[in-house]
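Enquirer: Encoded as C-alpha cells, here's the structure I'll be asking about.
Computed from the coordinates by the stated procedures, all read-outs in this text should not be read as laboratory data. From a predicted model like this one, the values you see are computed outputs, not experimental measurements. All Cβ positions, even for glycine, are placed from backbone atoms using ideal geometry, and neighbour counts span all protein chains on display.
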Amino acid sequence: MTDQQLTFDFTPDLPVWAQNIAVFDLETTGLDLTDARIVTACAVELDAAGQIVGKDVEWLADPVIEIPTPASDVHGVTTEIARRDGRPAAEVVSELLETLRGFFERGLPVVAYNAPYDFTILHFEALRHGLTPLSDPGPIIDPLVIDKFKDKFRKGKRRLENAAEFYNVSLDDAHNATADAVAAGRVAQAIARRWAAELPATAAELHDLQVGWSEYLDADFESFMRRNNPDFTSKRGWPLKL
C-alpha cells in the first residue's frame, strides 16, 4: 500500500444510485472536442460489484480520417486497423446514442470519467453524421469532478490511472475503452462509499451538484493559470462543453 492509495475501510453501504450503473468511455483521434473522431467506445451496465451485466460491448469505428500516431500510440488502434476492422463511423455513433438513451430512459446513471470529453465529442460526432445528439443527457456521474471537489487538497495527478490506484481499483489495460469504462465505474462506486454521508441520495441530485462543482473547479483552475497568463480562459461546461 503506497501513500497515494486509500487506506480507510469501506464500511458504508453502497448508495442506492451506485448499485446499478452504466459506464461510458471513448478512445479517439485526438483531444479537440469539436474535431476528434471516435475510434473505440464502450457503453455497458455494471452491477453493485462492479461487474459487467450482459455481454461486453465495445465498438471499433473507421473514423475515415487518419489516426494521428500520438493517438494510436495511446490506444493501440492504427489507421490500418480501423479501416480493416472498423465499422462505418455513422453506424457506431448511432448505436452509441441509442445505447446511452436506453440507459437514461431506464433511469440508470451513466459514469464517465471527465464526462465533458466523452459526451462533447459524441455530440459533435452526432452532428457530423446527421444524427440527433443527446438532449440534456443525465443523470451523469463524473468521478473526476466529485473526487477533485470532495478531496481538494490531495496531492498528485487525477488521471483515471491515478484515481484507480488511490481507490484500489484494478486497471490493467489503460486506454482500452472497456477497461477504462469499467474502472471509472468502480472508482465511482468507491467514491460513493467513501463520501456516502455527504453525497445526495439520488443520481439526479448528484448530477445537478456536479454542474456547480465543475464550474467552481474550472474557475479555480482559471485563476491559478492567470497568475502566469492573464489571458488564460478555461472553457466551461458540464457535462457538455459546447
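Enquirer: For the structure I just gave you, tell me whether LEU14 is within 16 Å of ASN114 (Cα to Cα) and either in contact (Cβ under 8 Å) with a residue 24 or more places away in the chain or not in a loop (DSSP other than H, G, I, E, B) (or both). Write out each step before concluding.
Expert: Working: within 16 Å of ASN114 (Cα to Cα): no; either in contact (Cβ under 8 Å) with a residue 24 or more places away in the chain or not in a loop (DSSP other than H, G, I, E, B) (or both): yes.
So LEU14 does not fit the description; no.
Enquirer: Of the residues ARG193, ARG186, which single one is touching a residue at least 24 places away in the same chain (Cβ under 8 Å), farther than 27 Å from VAL39 by Cβ and surrounded by 15 or more Cβ atoms within 10 Å (Cβ to Cβ)? Outline the logic, then answer.
Expert: Values: ARG186 fails: farther than 27 Å from VAL39 by Cβ.
Going through ARG193, ARG186 in turn, just one is touching a residue at least 24 places away in the same chain (Cβ under 8 Å), farther than 27 Å from VAL39 by Cβ and surrounded by 15 or more Cβ atoms within 10 Å (Cβ to Cβ): ARG193.
Enquirer: Can you tell me which residue is nearest to VAL182 (Cα to Cα) among those in the range 107-128 that are in a loop (DSSP other than H, G, I, E, B) and out of contact with any Asp or Glu (no Cβ under 9 Å at 6 or more places or on another chain)? Full working, then the answer.
Expert: Residues of the range 107-128 in a loop (DSSP other than H, G, I, E, B): 107-109, 112-114.
From what's left, out of contact with any Asp or Glu (no Cβ under 9 Å at 6 or more places or on another chain): 107, 109.
Numbers: GLY107: 19, PRO109: 14 Å.
Taking the candidates together, the pick is PRO109.
Enquirer: Just the residues that are without any contact (Cβ under 8 Å) to a residue 40 or more places away in the chain and assigned to a helix (DSSP H, G or I), please, taken from the range 166-182.
Expert: Of everything in the range 166-182, just one residue is without any contact (Cβ under 8 Å) to a residue 40 or more places away in the chain and assigned to a helix (DSSP H, G or I), namely ALA179.
Enquirer: Of the residues LYS152, LYS157, LYS148, which single one is surrounded by fewer than 22 Cβ atoms within 10 Å (Cβ to Cβ) and within 15 Å of the chain's Cα centre (by Cα)? Walk me through it before giving the result.
Expert: On the way: LYS152 fails: within 15 Å of the chain's Cα centre (by Cα); LYS157 fails: within 15 Å of the chain's Cα centre (by Cα).
Criteria check complete, one pass: LYS148.
Enquirer: Follow-up question, since we're still on this one. From the list GLU198, GLU215, which one is among the acidic types (Asp, Glu) and either without any contact (Cβ under 8 Å) to a residue 12 or more places away in the chain or outside any loop (DSSP other than H, G, I, E, B) (or both)?
Expert: Working: GLU198 fails: either without any contact (Cβ under 8 Å) to a residue 12 or more places away in the chain or outside any loop (DSSP other than H, G, I, E, B) (or both).
One residue alone meets the criteria, GLU215.
Let's see how each residue does on (1) within 20 Å of the chain's Cα centre (by Cα); (2) small (Gly, Ala, Ser); (3) within 22 Å of ASP173 (Cα to Cα):
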{"position": "GLY50", "(1), (2), (3)": "yes, yes, yes"}
{"position": "GLY54", "(1), (2), (3)": "no, yes, yes"}
{"position": "TRP59", "(1), (2), (3)": "yes, no, yes"}
{"position": "ALA71", "(1), (2), (3)": "yes, yes, yes"}
{"position": "GLU80", "(1), (2), (3)": "no, no, yes"}
{"position": "GLU91", "(1), (2), (3)": "no, no, no"}
{"position": "ARG101", "(1), (2), (3)": "yes, no, no"}
{"position": "LEU122", "(1), (2), (3)": "yes, no, no"}
{"position": "ALA126", "(1), (2), (3)": "yes, yes, no"}
